[in-house]
Amino acid sequence: MIPLDVFGSESIAADLLEQARWRDGVECSRCRSDRTVKNGSYGPFQRYLCKNCDQTFNDKTGTIFAHSKIAPRKWLFSIERDTITFGVSSHPAFPLYQRALTFMNA
Ligand SMILES: [Zn+2]
């Protein structure tokens with residue numbers, strides 16, 4: 001279980017999302033190339049440029065968080081609460097949460 005204070009700030013939640021998502025390396029959200037470079041930031045999120053297709057993307061692109069107005073920190077809170085209460089969450093971001101757990105226990 002992730003300690004709740006981990007979600008104390010949006011930038012910490014963003015870091016967690018970044019590490020959970022790219023555990024196997026950053027990959028382009030369009031062409032799946034791993035020829036990517038860091039390219040500034042998008043709010044608290046890292047932004048990347050794909051050198052294969054020139055697509056820019058960030059840690060949220062292609063995830064449940066991409067078009068959500070609700071901050072990832074709040075999603076993570078609600079998943080954590082479900083997990084404590086029910087042992088599992090039906091939230092679409094639950095797999096990402098589980099990856100975050102795996103990462104943090106590693
Ligand atoms: Zn690409």
- Once normalised by the length of segment 4-105, the mean sequence separation of its alpha carbon contacts under 8 Å that are 6 or more apart gives a contact order in percent of 28
- Item | Reachable lysines, given that their alpha-carbon falls under 21 Å from the alpha-carbon of K51 and they are not under 8 places away in the same chain | K38, K60
- May I ask you to evaluate 6.51 cos²θ - 1.76 cosθ + 1.60, the Karplus curve with θ = phi - 60°, for each residue of segment 38-46 and list the ³J(HN,Hα) values in order in whole Hz, giving x for glycine and proline? 5, 9, x, 9, 10, x, x, 9, 5
- Message: Using only DSSP helix segments of four residues or longer, with each worth -39500 (n - 2.57), what per-residue ellipticity at 222 nm results for the chain after dividing by its residue count and rounding to 500?
- Response: -11500 deg cm²/dmol
- Message: Given the C-alpha atoms of segment 17-106, compute the convex hull and give its volume per residue in Å³.
- Response: 98
- Could you pull out the trypsin sites (Lys or Arg not before Pro) across segment 31-101 that fall in loop regions by DSSP (anything but H, G, I, E, B) with no more than 15 other Cβ atoms inside 10 Å? R32, R35, K51, K69
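Every read-out reported here was derived from the displayed coordinates using simple, explicitly stated rules and does not represent laboratory data. This is a predicted model, so every value here is computed, not measured. Don't worry about glycine lacking a Cβ; one is built from the backbone with ideal geometry, like all the others, and counts go over all protein chains shown.
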